[in-house]
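One structure is given here, and the rest of the page talks about it.
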Amino acid sequence: MTERSYVQVDNLRRVFDVSKPWLNRMLEREEKQFLKAVDGVSFDIAKGETFALVGESGSGKSTVARMVVGLLPPSAGGVTIDGVAMAGRTDAAQRQRLRRRIQMIFQDPYASLNPRWRVDRIIAEPIRAFGLLEDDAQIRNRVGELLTLVGLHPDDGRKFPHEFSGGQRQRIAIARALASNAEFIVCDEPTSALDVSVQAQILNLMRDLQDRLGLTYLFISHNLAVVRHMATRIGVMYLGRIVEISGGRELFLAPKHPYTRMLLDAVPDVGMSGRQRIPVKGEIPNPIHPPSGCTFNPRCPFANDRCRREIPPLLGGVACHAVHEGRITIPAAA
Ligand SMILES: Nc1ncnc2c1ncn2[C@@H]1O[C@H](COP(=O)(O)OP(=O)(O)OP(=O)(O)O)[C@@H](O)[C@H]1O
Ligand code: SF4
Ligand SMILES: [Mg+2]
């Protein structure tokens, strides 16, 4: 790629030490145990785009998100946002300046909103912390503006978080993220706790804000249906790796990886025209002792000896031997 993307995630890895305490290990004669939560993940996000990461629980999505925003140091690999490295000794001063422009939205807005503060104070906090406005009247105006922007009333600022519904609280969390004039927002399951109809309203709001403000999103969900109308590009994660990455439309029309097809089979409203249905069952294996070769092999109807031996590389946007060998037919994208 010649033009540098706004967000670049390069071969990101994160290992957690999940060993028992030393004494237990000695008594039970156990080795230290390590869990590869993220195992070589790479993707780019262009400015104004939405990149979605999708996968079942435990696939490493939140760990990627935390490394991207600089909350968690990677074990290897790196993240660059607008040319600034998010970890390491270089760029510390630039990173500090970049912080304001990156915000995160979580699944449970209630946990991230201070229950003892009124909403106007919650939203004003980043404005004060980053010294964006000094004058109280200006700050009050700006908070009212932000509340209106997310579909609430300026008077709602006088209330406390518990006086709002789940969807309204997520609107407050979005207003707070925008208060610092953020341009890149990492959304970790932002609507998973909400009713379907409320989910749609929040997703519409986020898309609308993206259009108006030119926001860039990293959008995380376990549900492909949710990212369908949000994502420009989608990365499908399984046990710490991206197994398929492609344009949002393409992924739905011509999914390649057996795991992607399995996830799509669980999405009720997707037209399944002409593609092989793949009945895959089973659970995600223990990530401390992942299967050898392709980690999806115990659940995959196409698995053979090579699959159990060799980790498939991500080639042409898909990490699957059967696809690379032409053992699986892929419907052409319409
Ligand atoms: N601090 C930690 N210490 C040890 N293991 C961790 C830690 N954080 C995450 N893990 C493990 O790393 C793996 C990936 O977790 P992660 O939370 O990133 O998954 P996820 O895709 O976000 O799942 P979910 O959909 O449930 O949120 C899991 O096996 C998890 O148990
Ligand atoms: S590499 Fe083999 S086991 Fe893995 S998804 Fe492809 S066919 Fe299935
Ligand atoms: Mg998570």
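Out of the helices (runs of 4 or more DSSP H) lying entirely within the stretch 72-136, which hold 2 or more residues that are in contact with a strand residue (DSSP E or B) (Cβ under 7 Å, 6 or more places away or on another chain) and closer than 21 Å to I185 by Cα?
Those helices (runs of 4 or more DSSP H) span 92-99.
State which residue is farthest from L224 (Cα to Cα) when the search covers only the stretch 1-54 and only residues that are surrounded by 13 or more Cβ atoms within 10 Å (Cβ to Cβ) and of a type in the set (S, T, Y).
So, considering only residues that are surrounded by 13 or more Cβ atoms within 10 Å (Cβ to Cβ) and of a type in the set (S, T, Y), the one farthest from L224 (Cα to Cα) is S19.
Do we have I311 as in a loop (DSSP other than H, G, I, E, B), at pLDDT below 90 and surrounded by 14 or more Cβ atoms within 10 Å (Cβ to Cβ) here?
No; evaluated as a whole, the condition is false for this residue.
Output the residue which, of all residues in the stretch 69-96 that are touching a residue at least 12 places away in the same chain (Cβ under 8 Å) and among the charged types (D, E, K, R), is nearest to K47 (Cα to Cα).
The qualifying residue nearest to K47 (Cα to Cα) is D82.
So the check is Cβ under 6 Å with 6+ separation or different chains; which pairs have a first residue in the stretch 55-67 that's over 16 Å from F296 (Cβ atoms) and a second one that's within 6 Å of ligand 1 (Cβ to nearest atom)?
Short answer, once both residue conditions are applied: K61/G55; T63/A37.
Test D120 against the stated conditions and say whether it is more than 30 Å from V318 (Cα to Cα), crowded, with 18+ Cβ neighbours inside 10 Å and more than 16 Å from the chain's Cα centre (by Cα).
Yes, satisfied.
Quick one: L239 ticks every box in (1) modelled with pLDDT under 95; (2) closer than 30 Å to I288 by Cβ except a single one, so which number is it?
Of everything listed in (1) modelled with pLDDT under 95; (2) closer than 30 Å to I288 by Cβ, L239 misses just condition (1).
Quick one: which of Q103, Q107 is under 20 Å from Y6 (Cα atoms), surrounded by 15 or more Cβ atoms within 10 Å (Cβ to Cβ) and touching a residue at least 12 places away in the same chain (Cβ under 8 Å)?
Q103
For the stretch 16-59, give me the residue count where each residue is more than 30 Å from F184 (Cα to Cα) and among the β-branched types (V, I, T).
Number of matching residues: 1.
For residues that are touching a Pro at 6+ places or on another chain (Cβ under 8 Å) and farther than 22 Å from V68 by Cβ, scanning just the stretch 216-261, find the one that is surrounded by the fewest Cβ atoms within 10 Å (Cβ to Cβ).
A254
May I ask you to list pairs of residues, at least six apart or on different chains, whose Cβ atoms are under 6 Å apart, with the first in the stretch 284-307 being modelled with pLDDT of 95 or more and the second being within 16 Å of ligand 1 (Cβ to nearest atom) and hydrophobic (A, V, I, L, M, F, W, C)?
Matching pairs, first to second residue: T295/L239.
V64 versus (1) within 13 Å of ligand 3 (Cβ to nearest atom); (2) touching an Asp or Glu at 6+ places or on another chain (Cβ under 6 Å): which is the lone unmet condition?
(2)
Restrict the check to the stretch 55-63 and report whether at least one residue is within 16 Å of ligand 2 (Cβ to nearest atom), surrounded by fewer than 22 Cβ atoms within 10 Å (Cβ to Cβ) and within 30 Å of G247 (Cβ to Cβ).
yes
Determine, yes or no, whether A173 is buried (at least 19 other Cβ atoms within 10 Å of the Cβ) and not β-branched (V, I, T).
So A173 fits the description; yes.
L194 versus (1) touching a strand residue (DSSP E or B) at 6+ places or on another chain (Cβ under 8 Å); (2) surrounded by fewer than 23 Cβ atoms within 10 Å (Cβ to Cβ): which is the lone unmet condition?
(1)
The values are calculated or read from the model by the stated rules, or taken from the named source; none is laboratory data. These numbers come from a predicted model, not from an experiment. Because the Cβ atoms are built from the backbone with ideal geometry, glycine has one as well, and the counts that use them run over all protein chains shown.
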